[in-house]
Amino acid sequence: MAKKNESAFDRLLKKLTKATPIEQESSVKLDHDFDGIQELNNPLPPWWTAGFIITIIISVFYIFYYTVQGNDSQYDEFKREMAKAKTQVDAYKKAHNIVDANTVTLLTDKKALAEGKEIFLKNCAACHVADGGGLVGPNLTDNAWIYGCDIKDVFKVITNGTSKGMPPWKALGADKVQKVASYVLSLQGTKPAKPKAPQGKPCNKS
Ligand code: HEC
């Protein structure tokens, strides 16, 4: 019953929904009447039925893919991709000397220590004094350590700071923190002009 002034879009909509025109609604009206609320028996819209059938067809492929072929589930896939990404990140970190609290190593080459010294004089000397003797912050040259004397401990303290006055230096970047931490440890046993009294426990690392 195409009407003359109906556009192609209107006709398509009609095909996809199969909705009964309002003037013919009485033909699909069910004889329910709940306090004046009535029900129409419209057919399922063809667009919806088609979508439903397509999902059923697709599900057959998925069942085949996962059970017969035994492919990884999304969860396994996720785990595999994450493991792959981790090895890539580790390789990248290694190649670019990006360290974290678990992989940091003590640097001993002159260039790194010289850079560490520069960072120390710029950021740390105000509280720890240029020669590391200590003022607001503890003496960094003696054998006494509050948070431990391993490079990993020192790296962690400098990165995260403490609740008792040591600011966090994460913003310097792991590379610089590693250098300044290595420099701090290179001060061990040096003789500052005005050493602050030891704080913490003696370091019993050989
Ligand atoms: C605002 C002052 C201040 C600045 C700046 C500062 N520190 Fe500290 N630092 C402290 C204080 C105070 C402590 C002791 C914190 C505590 O007891 O929790 C400390 C502790 C430390 C410790 C731990 C010592 C131990 O015995 O375990 C290290 C290592 C250290 N600072 C290194 C640095 C480095 C490296 C810098 C520069 C990047 C720096 N600090 C900058 C005040 C400062």
Exercise. When residues of segment 165-206 are filtered for being farther than 19 Å from ALA125 by Cβ and free of Cβ contacts under 8 Å to residues at least 40 places away in the same chain, how many remain?
Worked result: 4
Exercise. Counting just the residues of segment 151-200 that are in a helix (DSSP H, G or I) and among the polar types (S, T, N, Q), which one comes out most open to solvent (accessible area, probe 1.4 Å)?
Worked result: ASN160
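Which residues, counting only those in segment 68-110, are of a type in the set (Ser, Thr, Tyr) and more than 17 Å from THR159 (Cα to Cα)?
Initial filter on segment 68-110 (of a type in the set (Ser, Thr, Tyr)): 73, 75, 87, 92, 103, 105, 108.
Passing the criteria: SER73, TYR75, THR87, TYR92, THR108.
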For this session: Return yes or no: is ASN42 exposed (fewer than 10 other Cβ atoms within 10 Å of the Cβ) and touching a Lys or Arg at 6+ places or on another chain (Cβ under 8 Å)?
Result: no
For this session: Report, ordered by the first and then the second residue, all pairs with beta carbons closer than 8 Å, sequence separation of six or more or different chains, a first member in segment 68-97 that is not assigned by TED's automatic domain parsing to the domain that holds ASP175, and a second member that is outside any helix (DSSP H, G or I).
Result: ARG80/ASP72; TYR92/ILE98; LYS93/VAL99; LYS93/ASP100; LYS93/THR103
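Taking the condition more than 9 Å from the ligand (Cβ to nearest atom) and of a type in the set (Lys, Arg), does LYS122 pass?
On the way: more than 9 Å from the ligand (Cβ to nearest atom): no; of a type in the set (Lys, Arg): yes.
Considered against the rule, which asks whether it is more than 9 Å from the ligand (Cβ to nearest atom) and of a type in the set (Lys, Arg), LYS122 comes out as no.
A quick yes/no check of all residues on (1) touching a helix residue (DSSP H, G or I) at 6+ places or on another chain (Cβ under 9 Å); (2) within 11 Å of the ligand (Cβ to nearest atom):
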site: THR162; (1), (2): no, yes
site: MET166; (1), (2): yes, yes
site: ALA171; (1), (2): no, yes
site: LYS176; (1), (2): yes, yes
site: TYR183; (1), (2): yes, yes
site: ALA193; (1), (2): no, no
site: GLN199; (1), (2): no, yes
site: CYS203; (1), (2): no, yes
Exercise. Identify, please: which residue in segment 1-19 is surrounded by 10 or more Cβ atoms within 10 Å (Cβ to Cβ) and at pLDDT below 85 and is, among those, farthest from TRP48 (Cα to Cα)?
Worked result: GLU6
Seminar exercise, completed: The condition from (1) under 30 Å from PRO198 (Cβ atoms); (2) open to solvent by less than 100 Å² (accessible area, probe 1.4 Å); (3) more than 21 Å from the chain's Cα centre (by Cα) that VAL136 misses is numbered (2)
Exercise. Which of the residues that make up segment 101-126 are open to solvent by 50 Å² or more (accessible area, probe 1.4 Å) and of a type outside the set (Val, Ile, Thr)?
Worked result: ASN102, LEU106, ASP109, LYS110, LYS111, ALA114, GLU115, LYS117, GLU118, LEU121, LYS122, ALA126
For this session: Within segment 141-150, count every residue that is within 9 Å of the ligand (Cβ to nearest atom) and either open to solvent by 40 Å² or more (accessible area, probe 1.4 Å) or within 16 Å of LEU107 (Cβ to Cβ) (or both).
Result: 3
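The values are calculated or read from the model by the stated rules, or taken from the named source; none is laboratory data. Here the structure is a predicted model, which means the values were calculated and not measured. Counting neighbours? That spans all protein chains shown, and the Cβs are built from the backbone with ideal geometry, glycine included. Keep in mind that these areas ignore ligands, DNA and RNA; they rest on the heavy atoms of the full protein, side chains included. Shrake-Rupley method; radii C 1.70, N 1.55, O 1.52, S 1.80 Å.
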